[in-house]
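Report on the following structure.
The values are calculated or read from the model by the stated rules, or taken from the named source; none is laboratory data. Note that this is a predicted model, so its numbers are computed, not measured. Because the Cβ atoms are built from the backbone with ideal geometry, glycine has one as well, and the counts that use them run over all protein chains shown.
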Amino acid sequence: MSSLRVALFQFLTQQSGVIALVNDRVYPVGESPKTIVYPYITYQKISNRHIRHMSVGSQLAASRFQINCWAKDASDADAVGQAVREAMDNRRGDIGTGGNVVNLRGSFLDSDDEDFEPPSDDSKVGRHNARLDLIIWHVESATPV
């Protein structure tokens, strides 16, 4: 069974604009290393709507993913956010590799914003976040009941 979460990771870590800024530092929320190198990206699925035709599933789903672009300064966070937007907004077609290919019917930027987290220690270094919410219409590999 193909996973949109895995395909999204595979896709983002293959995009030259993203790689140029974060290399392979793309992590599911909560799985970034304790000693992190900036900038980096975290992502998480917020919701998943299964589209139905009358009384049966259609294999079409609309997933909301949040992509967080973390950096030590606002301009770097914005640059990573822009690279993700260029890679994902209005994207159609297959993403992923090997046995984990997911067909996107359309990936659209729904909203974006920014945030700053003050330092949690005496370092006086906080972190900036450019946050993107994407609605990703995709074909599921199994029809929900």
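See the values below:
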| read-out | value |
| --- | --- |
| Of the criteria (1) closer than 13 Å to ILE136 by Cβ; (2) part of a helix (DSSP H, G or I); (3) touching a helix residue (DSSP H, G or I) at 6+ places or on another chain (Cβ under 7 Å), which one LEU8 fails | (3) |
| Which numbered condition LEU109 misses (of (1) surrounded by 15 or more Cβ atoms within 10 Å (Cβ to Cβ); (2) out of contact with any Asp or Glu (no Cβ under 7 Å at 6 or more places or on another chain); (3) more than 15 Å from THR42 (Cα to Cα)) | (2) |
| The stretch 74-102: number of residues that are in contact with a Ser or Thr (Cβ under 9 Å, 6 or more places away or on another chain) and more than 30 Å from GLY126 (Cα to Cα) | 9 |
| In the stretch 59-109, the residues that are aliphatic (A, V, I, L, M) and not in a helix (DSSP H, G or I) | LEU60, ALA61, ALA62, ILE67, ALA71, ILE95, VAL101, VAL102, LEU104, LEU109 |
| Condition check for ALA20: modelled with pLDDT of 95 or more, within 26 Å of VAL125 (Cβ to Cβ) and surrounded by fewer than 20 Cβ atoms within 10 Å (Cβ to Cβ) | yes |
| Residues of the stretch 116-136 satisfying the condition of being assigned to a strand (DSSP E or B) and exposed (fewer than 13 other Cβ atoms within 10 Å of the Cβ) | PHE116, GLU117 |
